[in-house]
Amino acid sequence: MTLDGGSQSLSDTRQAKLSVVIVTFNSAIALPPLLNSISAGMNGIGEYEVVVVDNQSNDGSADLAESHPIRPTVIRMGRNAGYAAAINAATAVVDQNSPVLILNPDLRLYPSAAAALMKQLSVMSVGVVVPTNYTEDGEIDLTLRREPSIATAWADALLGGRLAGLLGWGETITKQRRYGRSGLVDWATGSALLISAEARHAAGGWDESFFLYSEEVDYLRRVREAGFGVLYEPESQVMHAGGGSGRNPKLFALQTVNRIRYYASNHGRVPTFVFRLGVVIGEALRCWRNPSHRAALSNSVKPLVKGADFMIHRS
């Protein structure tokens with residue numbers, strides 16, 4: 001692949017120590033299979049370290065990580081600080097010249113998954129590389145996204161995410177053939193992200209105000225604005241056992257409201273009103289049959305009626 005900006009040697013990229021960062025919160029069931037998959041997933045990687053950041057789990061996640069044979073470094077946050085804050089805590093202690101591979105605790109790495117991602121960092125204009133995510137059933141998880149816009153919000157609301165995506169109007173890229181080839185994307189869900197050291201320095205820290213959801217949208221936007229590409233690489237493969245936000249009304253509501261907060265952080269009041277209205281209408285059309293959409297509607301309508309920005313209150 002050739003992108004503007006020149007390239008560095010692949011051997012230099014492979015010699016860089018890779019820092020693997022895993023954020024846990026009550027992840028005792030999910031975490032062991034991920035840690036067990038690390039060794040095979042790192043095939044082809046010369047030197048790496050694993051850092052587990054625990055957001056005050058009450059199920060022994062941190063103890064489990066410390067006792068695992070791969071012996072990761074464990075950072076205990078002492079509170080549920082949120083996903084972005086945990087990532088920032090990890091990146092503050094790893095080598096500042098290392099690329100960082102951020103993984104959800106409910107992932108499983110396929111053999112050589114990391115090396116296929118690292119290979120693409122040989123292109124200097126690439127700042128982030130993301131893999132193919134598979135579901136537990138072996139289906140491709142639709143993780144690639146377009147930048148949120150008024151058009152995507154209204155298309156998703158009126159047509160539904162899958163049809164809007166197939167037409168090229170929705171936020172989620174749903175065309176299966178797109179997942180068969182490498183290429184640049186606006187952003188991808190944050191279950192697995194390899195970030196170059198150069199992109200890390202340029203983009204700065206993760207925005208901790210999001211707590212959970214949309215933090216990766218914000219971060220990858222800043223990566224792109226710094227002149228780096230976000231690249232999808234299907235040769236790297238992981239299995240993602242997660243996806244609970246769609247089934248949990250509270251989490252889905254938080255995810256929906258943070259979509260609005262993210263858009264508002266980059267646009268004026270009038271565009272944000274129109275974007276929010278599209279989201280609200282989409283939730284209203286679906287709330288009669290789904291408690292998650294009812295929760296999302298309730299939390300999205302309140303700031304729309306009040307005309308005030310929504311704030312996340314952390315418990």
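Observations on the structure shown:
- Protection proxy ranking, highest mean first, for peptides 43-54, 209-220, 283-294: 209-220, 43-54, 283-294, where packing is the per-residue count of other beta-carbon atoms within 10 Å, averaged.
- Distance from region 94-153 to region 181-204 (C-alpha centre basis), Å: 7 Å
- Degrees, to the nearest 10: 269-286 long Cα axis against longest axis of the chain: 80 degrees
- Among A202, N43, G170 - extreme Cα towards positive end, dipole of region 12-242, charges at beta-carbon: G170
- Estimated at 0.36 nm per residue, the fully extended path between L251 and E66 surpasses their Cα-Cα distance by 63.8 nm.
- Under the convention that each Lys and Arg Cβ holds +1 and each Asp and Glu Cβ holds -1, the size of the dipole of the chain around its Cα centre is about 1060 debye.
- Cα-based Rg of region 246-306 normalised by 2.2 N^0.38 Å, two decimals: 1.05
- Value of [θ]222 nm, deg cm²/dmol, for the chain, DSSP H segments ≥ 4, -39500 (n - 2.57) each, nearest 500: -12000 deg cm²/dmol
- Per residue convex hull volume, Cα atoms of region 51-115, in Å³: 101 Å³
- Direction-averaged projected area, Cα convex hull, region 94-190: 7.9 nm², rounded to one decimal.
- Using the Cβ-Cβ distance between E235 and A40 with R0 set to 22 Å, the FRET efficiency from 1/(1 + (r/R0)^6) comes to roughly 0.90.
- In the chain, the alpha-carbon atoms span a convex hull of 129 Å³ per residue.
- Each of L159, I102, A86 was placed along the dipole of the chain (beta-carbon charges, centred on the mean Cα), and the one lying farthest toward the positive end is L159.
Rule-based calculations on the coordinates, nothing more; no lab input. This structure is a prediction, so every number in the text was calculated from the model and none was measured. Here Cβ is always computed from backbone atoms with ideal geometry, including for glycine, and neighbour counts include all displayed protein chains.
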